[in-house]
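Taken together, the values in this text are just the output of simple stated rules run on the coordinates, not laboratory data. Keep in mind the model is a prediction, meaning the values are calculated, not measured. Reconstructed Cβ throughout: ideal geometry from the backbone, glycine too, with neighbour counts over all protein chains shown.
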Amino acid sequence: MKSLKSILVLMATSIAAATSGAVLAQEFPSQPIRLLVGFPAGGTVDGVARVLAPALSEGLGQPVVVENRAGATGSIAAAAVATSPADGYTIGLVFDSHAANHHLYRKLRYDPFKSFTYISRLVTAPQILVSSNNIPASTPAELIKYAKANPGKLNYASTGAGSSNHLNALLLAKQAGIEATHIPYKGGAPAIIDMSSGQTEMFMIVSAPSTMPHVLAGRIKAIGVGSPKPLSHLPGLQPIADALPGYTASSWVGIIAPAGLPNNINARLQKEIRKALESKDVIDRLTKAGYEIVGSSSEEFTAFMKVQSDLLGKVVRDNKLQLD
């Protein structure tokens with residue numbers, strides 16, 4: 001039989017361990033957090049990061065540092081997240097292309113579901129059809145008519161081969177029966193710069209927030225919207241579905257972390273993300289930019305990703321797309 005002293009020592013050790021665990025659980029975060037963005041500064045995803053990071057920093061009590069790692073439609077940054085320690089100090093902002101990359105690329109350094117913890121889907125926004133000003137079209141039907149009259153003359157831009165706007169533009173071209181050449185870019189900002197130059201007849205399907213400032217400034221023009229109905233803040237913009245029944249195109253942005261993220265850290269991040277998305281400044285800036293705030297749970301984001309993966313995977317397979 002154990003002595004009373006041994007029992008007391010064992011109890012003290014157990015209490016100390018439990019207390020230590022509780023303290024450790026409360027210590028996150030105790031250092032700055034990296035927020036990896038897989039697209040260039042100035043683009044759609046980066047814009048969300050720049051709005052969210054200060055509010056998230058305030059709630060967490062530590063700096064949230066935005067770090068751009070552009071390339072491969074976001075998969076370079078995603079791989080960096082996947083291979084980081086699951087301690088909450090490296091998280092990533094992903095775009096809708098994240099749901100297609102594993103269908104497109106032969107060699108990825110991660111599995112889309114085994115390598116990540118899906119923390120929250122932040123925002124969603126309809127994609128819009130925009131073009132350079134030298135294309136004589138102001139509606140989706142007029143663009144299609146012009147493209148058919150000039151086969152192979154038009155180009156269409158994307159934020160990268162296999163990105164959602166590449167797939168959506170490809171679907172538009174196939175459904176409309178038009179010929180156009182794909183020109184991939186490393187993000188939306190450089191694509192819009194080339195489109196604004198007017199040196200080529202180019203169109204693009206891209207998220208409204210990243211393009212509307214350029215549309216309002218007259219550098220490019222908006223032709224249609226990927227939502228089934230006109231947008232309340234852009235009432236004169238016709239749905240692409242008016243010309244191509246059933247066509248839709250939308251974008252979303254979410255936050256991920258490495259797989260195995262402790263539940264308490266996931267819960268803390270979700271809590272602070274929700275608080276940030278409920279702040280007046282963040283709401284005003286994101287909704288003014290054209291976003292609809294979501295702020296989903298981890299479970300909801302994971303389920304959403306699986307649905308998106310299935311949908312985009314079918315598009316990739318149907319069009320026999322494959323990237324190295």
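The table below lists the values:
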{"quantity": "Karplus-derived 3J(HN,Hα), 6.51/-1.76/1.60, for each residue of region 207-212, Hz, glycine and proline x", "calculated": "5, 4, x, 7, 10, 4"}
{"quantity": "Given [x] 95, 41, 31; [y] 61, 44, 39; [z] 69, 45, 32, the label whose value is Cα extents along the principal axes in Å derived from this model", "calculated": "[x]"}
{"quantity": "DSSP beta bridges in the chain [antiparallel fraction, %, rounded to 5]", "calculated": "55"}
{"quantity": "Antiparallel content of DSSP bridges confined to region 126-242, in %, to 5", "calculated": "55"}
{"quantity": "Pair residue 134, residue 50: separation of 7 Å Cα→Cβ label points (nm)", "calculated": "2.9"}
{"quantity": "Leading residue at positive end of dipole, region 197-324 (Cβ point charges), from 215, 244, 311", "calculated": "215"}
{"quantity": "Extension gain (nm, one decimal) between residue 109 and residue 216, 0.36 nm per residue minus Cα-Cα", "calculated": "34.5 nm"}
{"quantity": "Per-pair calculated FRET efficiency, R0 = 25 Å: residue 142 and residue 233 via Cβ, rounded to 0.05", "calculated": "0.65"}
{"quantity": "Label-to-label distance, nm, for residues given as residue 287 and residue 197 (7 Å Cα→Cβ offset)", "calculated": "3.9"}
{"quantity": "Sequence-separation-based contact order of region 157-259, relative, with Cα cut under 8 Å and 6+ spacing, percent", "calculated": "23"}
{"quantity": "Packing rank of 312-318, 37-43, 81-87, where each peptide gets the mean count of other beta carbons within 10 Å, highest leading", "calculated": "37-43, 81-87, 312-318"}
{"quantity": "Neighbour-count ranking [beta-carbon atoms within 10 angstrom, fewest first] of 98, 182", "calculated": "182, 98"}
{"quantity": "Gyration tensor (alpha-carbon) shape descriptor, region 106-215, a/c threshold 1.5", "calculated": "prolate"}
{"quantity": "Highest-first arrangement of 214-226, 105-117, where packing means the average Cβ count within 10 Å", "calculated": "214-226, 105-117"}
{"quantity": "Residues 148, 275, 229 arranged by fewest to most Cβ contacts within 10 Å", "calculated": "229, 148, 275"}
{"quantity": "For residue 159, residues with placed amide H under 5 Å, excluding near neighbours", "calculated": "165, 166, 185"}
{"quantity": "Extension gain, residue 279 back to residue 27 (0.36 nm per residue minus Cα-Cα distance, nm)", "calculated": "88.3 nm"}
{"quantity": "Packing-based exposure ordering (other Cβ within 10 Å, fewest first) of 211, 90, 159, 302", "calculated": "302, 90, 211, 159"}
{"quantity": "0 to 90° range, to nearest 10: angle between helix 263-278 axis and the chain longest Cα axis", "calculated": "50"}
{"quantity": "With Cα atoms, 0 to 90° folded angle of helix 140-149 axis to the chain main axis", "calculated": "60"}
{"quantity": "The chain - charge dipole about Cα centre, Lys and Arg +1 at Cβ, Asp and Glu -1, debye rounded to 20", "calculated": "420"}
{"quantity": "³J(HN,Hα) computed for each position of region 165-178 - Karplus, 6.51 cos²θ - 1.76 cosθ + 1.60, integer Hz, glycine/proline x", "calculated": "6, 5, 5, 5, 5, 4, 4, 4, 4, 5, 5, 7, x, 10"}
{"quantity": "Farthest toward positive dipole pole in the chain [+1 Lys/Arg, -1 Asp/Glu at C-beta], among 143, 119, 169", "calculated": "119"}
